[in-house]
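Take a look at the structure below.
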Amino acid sequence: MIWPHSDMSRRSPWTKADIRRARHIPLKPVLEKLGYRLDPIRNGNYLVHDISREIVIKDHYWVCTETGTAGNSIDFLVKIRGMSFSDSMRLLLS
């Protein structure tokens, strides 16, 4: 049974436009702000240091060269940094 006021019934404070905008925030300045070291490698790509996996970013996309996992700016913060979706949104849209 789902209670009417359970967490599942809450609406997200984020609109579709907010989410679309956050997905397209360039990762380089965000990661630098968070203290990651980035090295340019080629074609506008950067290698992200201080992460256990080899991650390459370009614009608002990232890929893990070891596993093939990839995603956008929100995905990086959620999957790689372990942040909640809401915390990721607040950081990206601040």
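Computed quantities for the displayed model
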| quantity | calculated |
| --- | --- |
| Count of region 19-34 residues which are under 10 Å from the mean Cα position of the chain (by Cα), closer than 12 Å to residue 75 by Cα and either assigned to a helix (DSSP H, G or I) or touching a residue at least 60 places away in the same chain (Cβ under 8 Å) (or both) | 4 |
| When residues of region 20-52 are limited to those that are in contact with a helix residue (DSSP H, G or I) (Cβ under 7 Å, 6 or more places away or on another chain) and hydrophobic (A, V, I, L, M, F, W, C), the one surrounded by the most Cβ atoms within 10 Å (Cβ to Cβ) | 27 |
| Residue match in region 44-54 (condition: free of Cβ contacts under 8 Å to residues at least 12 places away in the same chain and either touching a His at 6+ places or on another chain (Cβ under 6 Å) or over 18 Å from residue 24 (Cβ atoms) (or both)) | yes |
| Test result for residue 14, surrounded by 15 or more Cβ atoms within 10 Å (Cβ to Cβ), over 11 Å from residue 76 (Cβ atoms), at pLDDT below 95 and of a type outside the set (Asp, Glu) | yes |
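The values are calculated or read from the model by the stated rules, or taken from the named source; none is laboratory data. Everything numeric here is computed off the predicted structure, so don't read it as measured data. Note that we place each Cβ from the backbone using ideal geometry, even for glycine, and neighbour counts take in every protein chain shown.
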